[in-house]
Amino acid sequence: MKNYRIALIKGDGIGPEIIDEAVKVLDAVASCEDFDFQYEELLMGGCAYDVTGDPLPQETINGSMNSDAVLFGAIGGEKWDNLPREKRPESGLLRFRKELGVYANLRPAVVYDELVNASSLKPEIVQGVDLMVVRELIGGIYFGEPKGRDENRGFNTMVYTRDEIVRIAHQAFKIAMTRSKRVCSIDKANVLDVSQLWRDVVTEVAAEYPEVELSHMYVDNAAMQLIRDPKQFDVMLTGNIFGDILSDEASMLSGSIGLLPSASVGSKIGVYEPIHGSAPDIAGQGIANPIATISSASMMLRYALNENDAADRIDAAIKQALVEGYRTQDLAQFDAKEICSTSEMGSIIANYAVKCTK
Ligand code: NAD
(Lines give C-alpha, C1' and ligand atoms only; values in the text may rest on other atoms or scores of the structure.)
Protein backbone atom coordinates (compact mmCIF):
# COMPACT_ATOMS: atom_id res chain seq x y z
CA MET A 1 0.00 0.00 0.00
CA LYS A 2 1.32 3.47 -0.89
CA ASN A 3 2.04 5.75 2.02
CA TYR A 4 2.15 9.48 1.32
CA ARG A 5 3.96 11.85 3.65
CA ILE A 6 1.95 15.03 4.05
CA ALA A 7 3.34 18.08 5.84
CA LEU A 8 0.46 19.78 7.67
CA ILE A 9 0.88 23.47 8.40
CA LYS A 10 -2.23 24.56 10.25
CA GLY A 11 -1.08 28.10 11.04
CA ASP A 12 -3.15 30.74 12.82
CA GLY A 13 -6.79 31.81 13.21
CA ILE A 14 -9.15 29.38 11.50
CA GLY A 15 -6.16 27.43 10.07
CA PRO A 16 -6.32 24.54 12.56
CA GLU A 17 -10.13 24.20 12.25
CA ILE A 18 -10.14 23.95 8.46
CA ILE A 19 -7.09 21.69 8.18
CA ASP A 20 -8.66 19.23 10.63
CA GLU A 21 -11.65 18.90 8.29
CA ALA A 22 -9.47 18.40 5.23
CA VAL A 23 -7.60 15.63 7.08
CA LYS A 24 -10.94 14.03 8.00
CA VAL A 25 -11.89 13.94 4.30
CA LEU A 26 -8.45 12.72 3.16
CA ASP A 27 -8.58 9.86 5.65
CA ALA A 28 -12.08 9.00 4.45
CA VAL A 29 -10.99 8.72 0.79
CA ALA A 30 -7.83 6.83 1.77
CA SER A 31 -10.05 4.23 3.47
CA CYS A 32 -11.56 3.35 0.09
CA GLU A 33 -8.40 3.65 -2.04
CA ASP A 34 -5.10 1.86 -2.10
CA PHE A 35 -3.05 4.38 -0.15
CA ASP A 36 -2.57 5.89 3.26
CA PHE A 37 -1.29 9.15 4.70
CA GLN A 38 1.38 9.87 7.24
CA TYR A 39 1.06 13.43 8.54
CA GLU A 40 3.73 15.63 10.08
CA GLU A 41 2.54 18.81 11.77
CA LEU A 42 4.85 21.79 11.28
CA LEU A 43 4.71 25.32 12.67
CA MET A 44 4.50 28.48 10.60
CA GLY A 45 3.18 32.00 11.05
CA GLY A 46 2.29 33.69 14.32
CA CYS A 47 2.12 30.40 16.21
CA ALA A 48 5.66 29.59 15.08
CA TYR A 49 6.88 33.03 16.11
CA ASP A 50 5.35 32.58 19.57
CA VAL A 51 7.16 29.29 20.10
CA THR A 52 10.49 29.85 18.29
CA GLY A 53 10.81 33.60 17.64
CA ASP A 54 10.77 32.88 13.89
CA PRO A 55 7.62 32.75 11.71
CA LEU A 56 9.33 30.16 9.50
CA PRO A 57 11.55 27.82 11.51
CA GLN A 58 14.15 25.85 9.55
CA GLU A 59 12.50 22.65 10.81
CA THR A 60 9.36 23.59 8.86
CA ILE A 61 11.31 24.06 5.64
CA ASN A 62 13.15 20.75 6.14
CA GLY A 63 9.98 18.85 7.07
CA SER A 64 8.18 20.24 4.02
CA MET A 65 11.05 19.37 1.69
CA ASN A 66 10.95 15.80 3.00
CA SER A 67 7.24 15.41 2.33
CA ASP A 68 5.28 14.48 -0.79
CA ALA A 69 3.13 17.61 -0.47
CA VAL A 70 2.26 20.41 1.94
CA LEU A 71 -1.30 21.07 3.05
CA PHE A 72 -1.46 24.59 4.42
CA GLY A 73 -4.17 26.42 6.40
CA ALA A 74 -3.57 30.15 6.84
CA ILE A 75 -1.34 32.45 8.85
CA GLY A 76 -1.48 35.91 10.39
CA GLY A 77 -3.48 37.99 12.80
CA GLU A 78 -3.56 41.33 14.58
CA LYS A 79 -1.44 40.01 17.44
CA TRP A 80 1.62 39.89 15.16
CA ASP A 81 0.88 42.95 12.97
CA ASN A 82 3.29 45.27 14.78
CA LEU A 83 6.33 43.00 14.70
CA PRO A 84 9.27 44.03 12.51
CA ARG A 85 8.53 43.05 8.90
CA GLU A 86 10.86 40.00 8.80
CA LYS A 87 9.24 38.56 11.94
CA ARG A 88 5.68 38.89 10.66
CA PRO A 89 3.77 35.76 9.64
CA GLU A 90 3.30 37.04 6.07
CA SER A 91 7.08 37.38 5.60
CA GLY A 92 7.42 33.76 6.69
CA LEU A 93 4.94 32.71 4.02
CA LEU A 94 6.70 34.64 1.23
CA ARG A 95 10.03 33.14 2.31
CA PHE A 96 8.47 29.67 2.45
CA ARG A 97 7.23 29.91 -1.16
CA LYS A 98 10.64 31.12 -2.30
CA GLU A 99 12.46 28.32 -0.41
CA LEU A 100 10.23 25.67 -1.99
CA GLY A 101 10.52 27.30 -5.41
CA VAL A 102 6.77 27.21 -5.96
CA TYR A 103 6.65 29.66 -8.83
CA ALA A 104 3.17 28.86 -10.13
CA ASN A 105 -0.01 29.53 -8.21
CA LEU A 106 -3.04 27.80 -9.69
CA ARG A 107 -6.35 29.23 -8.59
CA PRO A 108 -9.47 27.72 -10.07
CA ALA A 109 -12.67 29.74 -9.78
CA VAL A 110 -15.72 27.58 -10.29
CA VAL A 111 -19.31 28.62 -9.74
CA TYR A 112 -21.41 25.78 -8.34
CA ASP A 113 -24.90 25.74 -9.91
CA GLU A 114 -26.39 25.47 -6.41
CA LEU A 115 -24.76 28.76 -5.42
CA VAL A 116 -25.40 30.98 -8.44
CA ASN A 117 -27.45 33.24 -6.20
CA ALA A 118 -24.58 33.64 -3.75
CA SER A 119 -22.51 35.67 -6.19
CA SER A 120 -22.80 39.44 -6.12
CA LEU A 121 -23.24 39.25 -9.90
CA LYS A 122 -26.42 38.22 -11.71
CA PRO A 123 -26.92 34.43 -11.97
CA GLU A 124 -26.91 34.49 -15.79
CA ILE A 125 -23.47 36.14 -15.75
CA VAL A 126 -21.85 33.63 -13.39
CA GLN A 127 -23.65 30.36 -14.13
CA GLY A 128 -21.15 27.96 -15.69
CA VAL A 129 -18.02 29.97 -14.83
CA ASP A 130 -15.02 27.63 -14.68
CA LEU A 131 -11.72 29.42 -15.03
CA MET A 132 -8.18 29.01 -13.77
CA VAL A 133 -5.86 31.86 -12.81
CA VAL A 134 -2.22 30.86 -13.26
CA ARG A 135 -0.27 33.41 -11.25
CA GLU A 136 3.52 33.78 -11.10
CA LEU A 137 4.29 33.57 -7.39
CA ILE A 138 7.92 34.18 -6.53
CA GLY A 139 8.95 37.03 -8.80
CA GLY A 140 7.70 40.43 -9.85
CA ILE A 141 7.18 43.44 -7.65
CA TYR A 142 6.79 41.53 -4.37
CA PHE A 143 10.40 40.36 -4.61
CA GLY A 144 12.14 42.83 -6.96
CA GLU A 145 15.18 44.82 -5.84
CA PRO A 146 15.81 47.60 -5.09
CA LYS A 147 13.03 48.39 -2.69
CA GLY A 148 12.82 50.61 0.32
CA ARG A 149 11.36 53.65 1.98
CA ASP A 150 12.23 56.64 4.08
CA GLU A 151 10.04 59.40 5.51
CA ASN A 152 9.09 60.84 2.14
CA ARG A 153 9.59 58.16 -0.48
CA GLY A 154 8.79 54.48 -0.91
CA PHE A 155 9.60 52.27 -3.88
CA ASN A 156 9.47 48.69 -5.18
CA THR A 157 10.72 47.21 -8.43
CA MET A 158 8.77 45.04 -10.82
CA VAL A 159 11.24 42.79 -12.55
CA TYR A 160 10.87 39.57 -14.54
CA THR A 161 13.55 37.59 -16.32
CA ARG A 162 12.97 35.65 -19.53
CA ASP A 163 13.42 32.34 -17.66
CA GLU A 164 10.81 33.24 -15.06
CA ILE A 165 8.29 34.08 -17.76
CA VAL A 166 9.08 30.98 -19.83
CA ARG A 167 8.45 28.56 -16.95
CA ILE A 168 5.16 30.10 -15.82
CA ALA A 169 3.97 30.35 -19.43
CA HIS A 170 4.63 26.61 -19.93
CA GLN A 171 2.54 25.88 -16.81
CA ALA A 172 -0.36 27.89 -18.21
CA PHE A 173 -0.22 26.28 -21.65
CA LYS A 174 0.06 22.77 -20.19
CA ILE A 175 -2.99 23.38 -18.01
CA ALA A 176 -4.86 24.85 -20.98
CA MET A 177 -4.19 21.64 -22.89
CA THR A 178 -6.20 19.75 -20.24
CA ARG A 179 -9.04 22.29 -20.40
CA SER A 180 -10.57 24.22 -23.29
CA LYS A 181 -7.22 25.20 -24.82
CA ARG A 182 -7.44 28.96 -24.35
CA VAL A 183 -4.93 31.18 -22.55
CA CYS A 184 -5.43 34.87 -21.94
CA SER A 185 -2.19 36.52 -20.80
CA ILE A 186 -2.71 39.60 -18.65
CA ASP A 187 -0.18 42.44 -18.55
CA LYS A 188 0.24 46.19 -18.74
CA ALA A 189 2.36 46.24 -21.87
CA ASN A 190 1.03 49.64 -22.92
CA VAL A 191 2.88 51.22 -19.97
CA LEU A 192 5.44 48.85 -18.44
CA ASP A 193 8.68 47.63 -20.03
CA VAL A 194 8.56 44.51 -17.87
CA SER A 195 5.14 43.74 -19.36
CA GLN A 196 6.42 44.18 -22.91
CA LEU A 197 9.01 41.48 -22.24
CA TRP A 198 6.29 39.36 -20.61
CA ARG A 199 4.09 39.64 -23.71
CA ASP A 200 6.93 38.84 -26.15
CA VAL A 201 8.09 35.79 -24.21
CA VAL A 202 4.58 34.40 -23.68
CA THR A 203 4.00 34.74 -27.44
CA GLU A 204 7.24 32.83 -28.13
CA VAL A 205 6.28 30.01 -25.75
CA ALA A 206 2.82 29.82 -27.34
CA ALA A 207 4.44 28.65 -30.58
CA GLU A 208 5.18 25.34 -28.83
CA TYR A 209 1.45 24.83 -28.18
CA PRO A 210 -0.18 25.31 -31.59
CA GLU A 211 -3.49 23.89 -30.36
CA VAL A 212 -3.85 26.56 -27.68
CA GLU A 213 -5.38 29.89 -28.60
CA LEU A 214 -3.47 32.77 -26.98
CA SER A 215 -4.89 36.23 -26.40
CA HIS A 216 -3.46 39.21 -24.50
CA MET A 217 -5.32 41.67 -22.33
CA TYR A 218 -4.32 44.72 -20.29
CA VAL A 219 -4.86 44.20 -16.59
CA ASP A 220 -7.28 47.11 -16.17
CA ASN A 221 -9.46 45.73 -18.95
CA ALA A 222 -9.19 42.20 -17.48
CA ALA A 223 -10.46 43.48 -14.12
CA MET A 224 -13.47 44.90 -15.92
CA GLN A 225 -14.06 41.89 -18.20
CA LEU A 226 -14.02 39.50 -15.24
CA ILE A 227 -17.11 41.25 -13.94
CA ARG A 228 -18.74 41.95 -17.32
CA ASP A 229 -18.41 38.48 -18.86
CA PRO A 230 -16.32 36.01 -16.81
CA LYS A 231 -17.28 33.06 -19.02
CA GLN A 232 -15.02 34.39 -21.80
CA PHE A 233 -11.99 33.20 -19.76
CA ASP A 234 -10.50 29.75 -19.42
CA VAL A 235 -6.85 30.04 -18.31
CA MET A 236 -5.73 33.52 -17.21
CA LEU A 237 -1.94 33.82 -17.10
CA THR A 238 -0.62 36.66 -14.95
CA GLY A 239 2.36 38.01 -13.04
CA ASN A 240 2.46 38.12 -9.26
CA ILE A 241 0.69 41.35 -8.28
CA PHE A 242 -1.86 41.33 -11.12
CA GLY A 243 -2.70 37.71 -10.31
CA ASP A 244 -3.04 38.48 -6.62
CA ILE A 245 -5.68 41.09 -7.35
CA LEU A 246 -7.49 39.33 -10.20
CA SER A 247 -7.73 36.00 -8.39
CA ASP A 248 -9.37 37.66 -5.39
CA GLU A 249 -11.77 39.36 -7.77
CA ALA A 250 -12.47 36.01 -9.47
CA SER A 251 -13.12 34.45 -6.07
CA MET A 252 -16.14 36.65 -5.57
CA LEU A 253 -17.78 35.19 -8.67
CA SER A 254 -18.31 32.02 -6.67
CA GLY A 255 -20.04 33.67 -3.74
CA SER A 256 -17.68 33.04 -0.83
CA ILE A 257 -13.95 33.24 -0.35
CA GLY A 258 -14.43 30.13 1.79
CA LEU A 259 -14.97 27.98 -1.31
CA LEU A 260 -11.82 28.47 -3.33
CA PRO A 261 -8.69 26.33 -3.29
CA SER A 262 -5.24 26.88 -4.69
CA ALA A 263 -2.11 24.97 -5.56
CA SER A 264 1.36 26.46 -5.56
CA VAL A 265 3.68 24.31 -7.60
CA GLY A 266 7.22 24.36 -8.92
CA SER A 267 9.83 21.78 -9.64
CA LYS A 268 9.86 20.28 -6.14
CA ILE A 269 7.19 20.07 -3.42
CA GLY A 270 3.79 21.73 -3.95
CA VAL A 271 1.80 23.71 -1.38
CA TYR A 272 -1.97 23.30 -1.33
CA GLU A 273 -3.97 25.96 0.49
CA PRO A 274 -7.25 27.88 0.51
CA ILE A 275 -7.03 31.33 -1.04
CA HIS A 276 -8.41 33.02 2.07
CA GLY A 277 -6.49 34.17 5.12
CA SER A 278 -6.71 33.23 8.78
CA ALA A 279 -10.05 35.03 9.29
CA PRO A 280 -9.35 36.09 12.89
CA ASP A 281 -12.85 37.59 13.10
CA ILE A 282 -14.44 34.12 13.06
CA ALA A 283 -11.62 31.97 14.50
CA GLY A 284 -12.57 29.53 17.23
CA GLN A 285 -16.31 29.82 16.59
CA GLY A 286 -16.68 26.69 14.47
CA ILE A 287 -18.32 28.61 11.62
CA ALA A 288 -15.53 28.79 9.03
CA ASN A 289 -16.27 27.18 5.69
CA PRO A 290 -13.83 24.27 5.26
CA ILE A 291 -14.65 23.70 1.57
CA ALA A 292 -11.74 25.78 0.18
CA THR A 293 -9.30 23.68 2.21
CA ILE A 294 -10.99 20.37 1.41
CA SER A 295 -10.93 21.36 -2.23
CA SER A 296 -7.20 22.21 -1.88
CA ALA A 297 -6.69 18.68 -0.54
CA SER A 298 -8.37 17.44 -3.72
CA MET A 299 -5.93 19.51 -5.81
CA MET A 300 -3.10 17.96 -3.78
CA LEU A 301 -4.31 14.46 -4.66
CA ARG A 302 -4.58 15.41 -8.32
CA TYR A 303 -1.44 17.46 -8.91
CA ALA A 304 1.06 16.14 -6.35
CA LEU A 305 0.04 12.51 -5.87
CA ASN A 306 -1.63 11.71 -9.18
CA GLU A 307 -4.58 10.15 -7.31
CA ASN A 308 -7.23 11.42 -9.69
CA ASP A 309 -9.98 9.01 -8.61
CA ALA A 310 -9.65 10.13 -5.01
CA ALA A 311 -9.67 13.77 -6.09
CA ASP A 312 -12.82 13.12 -8.14
CA ARG A 313 -14.43 11.58 -5.06
CA ILE A 314 -13.78 14.72 -3.03
CA ASP A 315 -14.99 17.06 -5.77
CA ALA A 316 -18.16 15.03 -6.16
CA ALA A 317 -18.69 14.94 -2.39
CA ILE A 318 -18.41 18.73 -2.10
CA LYS A 319 -20.93 19.13 -4.89
CA GLN A 320 -23.27 16.61 -3.28
CA ALA A 321 -23.17 18.45 0.05
CA LEU A 322 -24.11 21.68 -1.71
CA VAL A 323 -26.84 20.01 -3.80
CA GLU A 324 -28.35 18.61 -0.59
CA GLY A 325 -28.50 22.15 0.83
CA TYR A 326 -25.81 21.93 3.51
CA ARG A 327 -24.32 25.37 4.09
CA THR A 328 -21.86 26.93 6.52
CA GLN A 329 -22.69 30.34 7.98
CA ASP A 330 -21.10 32.34 5.12
CA LEU A 331 -23.61 30.84 2.67
CA ALA A 332 -26.55 30.55 5.06
CA GLN A 333 -28.88 32.76 3.03
CA PHE A 334 -28.41 30.85 -0.22
CA ASP A 335 -30.89 27.97 -0.55
CA ALA A 336 -29.79 26.39 2.71
CA LYS A 337 -31.69 23.36 3.95
CA GLU A 338 -29.39 22.94 6.92
CA ILE A 339 -26.79 25.24 8.45
CA CYS A 340 -23.76 23.34 9.66
CA SER A 341 -20.64 24.00 11.65
CA THR A 342 -17.14 23.67 10.22
CA SER A 343 -16.81 20.21 11.68
CA GLU A 344 -20.27 19.06 10.56
CA MET A 345 -19.53 20.17 7.00
CA GLY A 346 -16.25 18.20 7.09
CA SER A 347 -18.06 15.08 8.28
CA ILE A 348 -20.82 15.40 5.67
CA ILE A 349 -18.26 15.72 2.85
CA ALA A 350 -16.18 12.85 4.27
CA ASN A 351 -19.28 10.62 4.30
CA TYR A 352 -20.22 11.52 0.74
CA ALA A 353 -16.59 11.03 -0.37
CA VAL A 354 -16.76 7.42 0.79
CA LYS A 355 -20.00 6.87 -1.15
CA CYS A 356 -19.16 8.83 -4.32
CA THR A 357 -17.10 7.42 -7.15
CA LYS A 358 -17.17 10.46 -9.44
P1 NAD B 1 -9.27 36.77 5.32
O2 NAD B 1 -9.31 36.02 4.05
O3 NAD B 1 -8.68 36.09 6.49
O4 NAD B 1 -10.76 37.21 5.72
C5 NAD B 1 -11.54 38.08 4.89
C6 NAD B 1 -13.02 37.88 5.24
O7 NAD B 1 -13.45 36.61 4.73
C8 NAD B 1 -13.29 37.84 6.73
O9 NAD B 1 -14.53 38.46 7.01
C10 NAD B 1 -13.37 36.36 7.07
O11 NAD B 1 -14.19 36.05 8.17
C12 NAD B 1 -13.96 35.79 5.77
N13 NAD B 1 -13.47 34.42 5.54
C14 NAD B 1 -12.22 34.04 5.20
N15 NAD B 1 -12.14 32.71 5.12
C16 NAD B 1 -13.36 32.22 5.42
C17 NAD B 1 -13.90 30.91 5.51
N18 NAD B 1 -13.16 29.81 5.28
N19 NAD B 1 -15.20 30.78 5.86
C20 NAD B 1 -15.96 31.86 6.09
N21 NAD B 1 -15.51 33.13 6.02
C22 NAD B 1 -14.21 33.32 5.68
O23 NAD B 1 -8.50 38.14 5.02
P24 NAD B 1 -8.08 39.32 6.01
O25 NAD B 1 -9.14 39.53 7.03
O26 NAD B 1 -7.68 40.42 5.12
O27 NAD B 1 -6.76 38.79 6.72
C28 NAD B 1 -6.72 38.19 8.02
C29 NAD B 1 -5.31 37.69 8.28
O30 NAD B 1 -4.98 36.66 7.34
C31 NAD B 1 -4.24 38.77 8.10
O32 NAD B 1 -3.28 38.61 9.11
C33 NAD B 1 -3.65 38.47 6.73
O34 NAD B 1 -2.31 38.91 6.61
C35 NAD B 1 -3.73 36.97 6.71
N36 NAD B 1 -3.74 36.37 5.37
C37 NAD B 1 -3.13 35.17 5.26
C38 NAD B 1 -3.16 34.51 4.04
C39 NAD B 1 -2.51 33.16 3.95
O40 NAD B 1 -2.22 32.58 4.98
N41 NAD B 1 -2.31 32.61 2.78
C42 NAD B 1 -3.83 35.07 2.94
C43 NAD B 1 -4.49 36.28 3.12
C44 NAD B 1 -4.45 36.92 4.34
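The values are calculated or read from the model by the stated rules, or taken from the named source; none is laboratory data. In this text the structure is predicted, and so the values were computed from the model without any measurement. Glycine also receives a Cβ, built like all others from the backbone with ideal geometry; neighbour counts cover every protein chain displayed. Note: areas computed on protein heavy atoms with side chains; ligands, DNA, RNA excluded. Shrake-Rupley method; radii C 1.70, N 1.55, O 1.52, S 1.80 Å.
Which of the residues belonging to the range 1-18 are assigned to a strand (DSSP E or B) and open to solvent by 70 Å² or more (accessible area, probe 1.4 Å)?
Lys2, Asn3, Arg5, listed by residue number.
Consider Met345 carefully, then state whether it is touching a Pro at 6+ places or on another chain (Cβ under 7 Å), open to solvent by 10 Å² or more (accessible area, probe 1.4 Å) and not polar (S, T, N, Q).
In short, no.
Could you identify the single residue in Ser254, Ser278, Ser264, Ser295 that is under 17 Å from Gly346 (Cα atoms) and hydroxyl-bearing (Ser, Thr, Tyr)?
Ser295
Among the residues in the range 19-36, are any in contact with a Ser or Thr (Cβ under 7 Å, 6 or more places away or on another chain), open to solvent by 10 Å² or more (accessible area, probe 1.4 Å) and away from the ligand (no atom under 16 Å from the Cβ)?
no
Return the only residue of Ala321, Ala317 being of a type in the set (A, V, I, L, M), in contact with a Cys (Cβ under 8 Å, 6 or more places away or on another chain), part of a helix (DSSP H, G or I) and buried (at least 18 other Cβ atoms within 10 Å of the Cβ).
Selected residue: Ala317, the only one of Ala321, Ala317 that is of a type in the set (A, V, I, L, M), in contact with a Cys (Cβ under 8 Å, 6 or more places away or on another chain), part of a helix (DSSP H, G or I) and buried (at least 18 other Cβ atoms within 10 Å of the Cβ).
Checking Thr60 against (1) farther than 26 Å from Ala283 by Cα; (2) within 16 Å of the ligand (Cβ to nearest atom); (3) not hydrophobic (A, V, I, L, M, F, W, C), only one condition comes out false. Which one?
Looking at each condition in turn, Thr60 falls short on (1).
Specify which of the listed residues (Asp81, Asp27, Asp12) is free of Cβ contacts under 8 Å to residues at least 60 places away in the same chain and more than 17 Å from Met299 (Cβ to Cβ).
Result of the check over Asp81, Asp27, Asp12: Asp81.
Identify, please: which residue in the range 313-358 is of a type in the set (A, V, I, L, M, F, W, C) and touching a Gly at 6+ places or on another chain (Cβ under 8 Å) and is, among those, farthest from Asp34 (Cα to Cα)?
Checking each candidate, the answer is Phe334.
Tell me which of these Ile291 doesn't satisfy, since it passes every other one: (1) under 23 Å from Ala311 (Cα atoms); (2) of a type in the set (A, V, I, L, M, F, W, C); (3) open to solvent by 20 Å² or more (accessible area, probe 1.4 Å).
Failed condition: (3).
Looking only at the range 326-357, count how many residues are assigned to a loop (DSSP other than H, G, I, E, B), of a type outside the set (S, T, N, Q), within 21 Å of Ile257 (Cβ to Cβ) and touching a residue at least 12 places away in the same chain (Cβ under 8 Å).
Adding up the residues that qualify gives 3.
Run down Asp113, Asp68, Asp130, Asp50 and say which single residue is in contact with a Pro (Cβ under 8 Å, 6 or more places away or on another chain) and more than 13 Å from the ligand (Cβ to nearest atom).
It is Asp130.
Of the residues that sit in the range 174-193 and are in contact (Cβ under 8 Å) with a residue 40 or more places away in the chain and assigned to a helix (DSSP H, G or I), which one is surrounded by the most Cβ atoms within 10 Å (Cβ to Cβ)?
Restricting to residues being in contact (Cβ under 8 Å) with a residue 40 or more places away in the chain and assigned to a helix (DSSP H, G or I), the top hit is Ala176.
Any idea which of Leu83, Leu71 is more than 20 Å from the chain's Cα centre (by Cα) and modelled with pLDDT of 95 or more?
Answer to the selection: Leu83.
Select from the range 68-89 the residues that are open to solvent by less than 10 Å² (accessible area, probe 1.4 Å) and in a loop (DSSP other than H, G, I, E, B) and list them in ascending order.
Gly76, the sole residue that qualifies.
Considering only the range 270-281, state which residues are surrounded by fewer than 20 Cβ atoms within 10 Å (Cβ to Cβ) and touching a helix residue (DSSP H, G or I) at 6+ places or on another chain (Cβ under 8 Å).
Once the filter is applied, which keeps residues that are surrounded by fewer than 20 Cβ atoms within 10 Å (Cβ to Cβ) and touching a helix residue (DSSP H, G or I) at 6+ places or on another chain (Cβ under 8 Å), the range 270-281 yields only Pro280.
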